[in-house]
Structure formats: structure tokens, C-alpha cells
Amino acid sequence: MRPHILIASALAVCASAFAALPAAAVQEKEWTVMVYINGKNDLETSALADMNEMEKVGSSARINLVAELGRARKYDTSDGDWSGARRYLVAKDADQKRITSPVLAGLPGADMGDWRHLAGFGKWARSNFPAKRYMLIVWNHGNGWYKGPVTAVPKSISLDSETGN
């Protein structure tokens, strides 16, 4: 057997063995902070800016900082002009013009106004980033507090302009 084939085979076996390990085998951290950044509306530019601000700090030896960032199709064309949603382990960087954290999942049809999608993000983060404590931040307009006429501003927490949810 050729050496490079042997090495590739050995790496494949190691990788598959590691992938099969239970979540408990992954190092538990003090905190996993989950940030659900719904920029699938007129807040898209601010969502990108805030994600870049989180990259100023990034994850650490004690804290997993994970984010799901959603973008609409029409509000902002910067940083690759992609749409849908992506999940990240937020990594430290100094580039304020683009997001450099690794994309762990791409979700092109994500409905970030659907509570089930938010719950799925929380389950995904908990199973992939075990910690002693968890925090979930829902980032969006947050019109649930509005006390005016219902017809003026719909009560909502996480508005997805593309789906209307």
C-alpha cells in the first residue's frame, strides 16, 4: 500500500471514530452563549455589524459563543451578499468588514420567525457545545412589548420579512 493512501486511511478511521463520540466526550465549558441574530428584515446591516462586533471577542477556553445569523435578500449586499441563515462558532478576529468565523451549517430556507426554528438552533447548540450554563439571546426588533393598537405594529419577537412570520 502506498504511504499517502495508508495515511489517508488512518486519518479517515480516526475522523470517523471521533465523529461517533458522544457529546459528553467534547470538552464541557463554563458557558455556551447562543445568539439568534435575525437580520431577515430591515435590520440586516445592523445584524452584520453586530456579528462582526462579537468577533472582536470570540469564543474562549471557558465560553462557546455560537450564533445563527439570518439575512434577507434585499437590504444589504456586503460580505458576500448571501441570504438565508448560517450557524457559526464565533472566532476572534479584527476584520470589521467581513465575518471570518467558521460556518458550521448553512440553512438557505430558514424561517427565523418560526419558534420551532429557534428551538432547533437551541437544541443544535446544546448538543454540539456542551456547557455547565447556557444563555440564549434573541436579537431582532422585539415588538412584543408594544402597547398601541394591534394594527399599527404587529406584536412579535423575531420578525422574518421574507416569510412574514
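Quick rundown of the values:
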| quantity | calculated |
| --- | --- |
| Extension gain from LYS123 to ASN165, taking 0.36 nm per residue of separation minus the Cα-Cα distance | 13.0 nm |
| Point-charge dipole on Cβ atoms (K/R +1, D/E -1) for the stretch 37-106, about Cα centre, debye to 20 | 200 debye |
| Label-point separation, SER156 to GLN96 (7 Å along Cα→Cβ), nm | 3.0 nm |
| Estimated FRET transfer efficiency (GLU30, ARG73; beta-carbon r; R0 41 Å; 0.05) | 0.60 |
| Chain lengthening between TRP115 and VAL57 when straightened (0.36 nm per residue, less Cα-Cα) | 18.0 nm |
| Additional length obtainable on full extension of the chain from THR45 to TYR134, 0.36 nm per residue less Cα span | 29.3 nm |
| Prolate/oblate/rounded label for the stretch 52-123 (Cα gyration tensor, a/c 1.5) | oblate |
| Proximal aspartates and glutamates to LYS132, defined as alpha-carbon separation beneath 18 angstrom and excluding residues fewer than eight positions away on the same chain | GLU28, GLU30 |
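Throughout, read-outs are computed from the coordinates displayed, never taken from laboratory work. Keep in mind it's a predicted model, so treat the numbers as computed, not measured. No Cβ is skipped: glycine too gets one built from the backbone with ideal geometry, and neighbour counts run over all protein chains shown.
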